[in-house]
1. Given the Cα-Cα distance of residue 69 and residue 372 and 0.36 nm per residue of separation, how much length would full extension add, in nm?
2. Mind telling me which of 282, 24, 69 comes out most flexible in a GNM of the chain, alpha-carbon contacts under 10 Å?
3. Return, for the Cα atoms of segment 257-410, the radius of gyration and Dmax in Å, separated by a comma.
4. Which listed residue (320, 25, 204) has the Cα farthest towards the positive end of the charge dipole for the chain, taking +1 on Lys and Arg C-beta and -1 on Asp and Glu C-beta about the Cα centre?
5. In whole angstrom, and with the biggest value first, how far do the Cα coordinates of segment 1-92 range along each principal axis?
6. Wrap a convex hull around the Cα atoms of the chain, take a quarter of its surface area, and give that in square nanometres.
7. For each of 37, 269, 71, 4, count neighbouring Cβ atoms within 10 Å of the residue's Cβ, then give the residues from fewest to most.
8. Fewest to most neighbouring Cβ within 10 Å: what's the order for 136, 8, 142?
Amino acid sequence: MARDRITWLIGLMTALLFINYVDRGNLATVGPLLTHDLRLSNTQFGLLLGAFYWTYAPAQLVLSWLCPRVDTFRLLAIGSLVWSLTTAATSLAAGFASLLAMRLLLGIGESVIYPASSTLFAQLVPEERRGAANGWMSVGLWIGPAIGTYAGSVIMDHFSWQATFLIFGTLSLLWLGPWFRFGRGVAHASVATVGRPPRYRDVLAKRAAWGAFIGHFSCNYSFYFVIGWLPKYLVDVRGLSLVQMGIVGGLVFYGITAAASVAGGVYADYAIRRGASVTLMRKLFLVIGQAGSGVCLILCGALPSVAVPVLLASALFFGISSGPVLGVGQTLAGPRAAGQWIGMQNFVGNLAGIVTLPVTGMLVDRFGNYGWAFAVAGAVTFLGAAAWGWIIPKVEPIEWPGSRARTALP
């Protein structure tokens, strides 16, 4: 019975992250038309993309404090409701100011998913299943932009960019029904934790925490560069139509990353069950994934004639590194501290969204091409490979001051 509930939990979290990234990525998808209709510069568009993270990143700290203290199931439902309604309401935006307000509110709503899901995974999913669990959840992360980019491009092509926000925001509300039915069978009280969560300074005193923070920032810098600017790059620079952009920059690119994330997580779990080191398997995919994606991004900037096939090759590396980014933090923090750790890690990681999206717009406006933007994204990614591989000594649970945690899934 417990195994069935874990499968349901993973499935619902995958679906929620899928919805999360569909709604988060809508602005990038409609960018080619929206910037034209509202007469926005690349710098303004980059600010709108980055504004989401102005609230999303600091809210991670609030959520990291809340998760060990409140009903995590209900918290996820509230966050989902807020961001779904905000997405639908964005269809009414008429200019830079109103779009900015919607992006800020969307960031607050979506901030719940990683601290809350990591709390549940660390409490309820055993280590030998956690690689696959995070790999499957990453499918939502990658398939969300894939389906969202393609479907959004079709809706926009046939109707308007406003219709994209209205349709996706309304459909997002459908997730709440299955979640409430699942939550009734798994009460928050089923996870009994003895003792208080560790203090922020307890986490910050750990060398491994800084390795995870820097690594997550680096991973997010390149990820947000791609998810935020790939649609506009493919249309404006490579000359693809809106539908072609949806196929190449959506279905193909994110389909490859989704398949790679699951394959990497499943293989790592298999190797661990066969006796391989948890440290070796988790670090291996992070270092190879980030280094490989960094090489690909630099090549895209240096050799624009082969940028599209190289971008598709980079999808493999993005995929294999995506699952362990959170899985490593969940293992290091353990059940008591997972929500707090991941909230802090995600705060630092999502500072990248504040930086990379507007910086990319300014670089494109300044130099008239994407060369330097690709080069910077690739260089930052190498920093992450070093952080995961060297700063984190071992991927194993940290002993926190106080008593142990007990977990149970009925």
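1. Values: separation 303, 0.36 × 303 = 109.08 nm, distance 4.48 nm.
Stretched fully, the residue 69-residue 372 segment lengthens by 104.6 nm.
2. 69
3. In Å, with Rg to one decimal and Dmax whole: 18.0, 59.
4. In the chain, that residue is 204.
5. 55, 27, 20
6. Average of the hull's projected areas for the chain equals 17.6 nm².
7. Result, fewest neighbours first: 4, 37, 71, 269.
8. Numbers: 136 21, 8 15, 142 28.
Least to most surrounded, the residues fall as 8, 136, 142.
No lab work stands behind these numbers, since they all come straight from the coordinates. Since we're looking at a predicted model, the values are computed, not measured. Quick reminder, even Gly has a Cβ in these numbers, built from the backbone with ideal geometry, and neighbours come from all protein chains shown.
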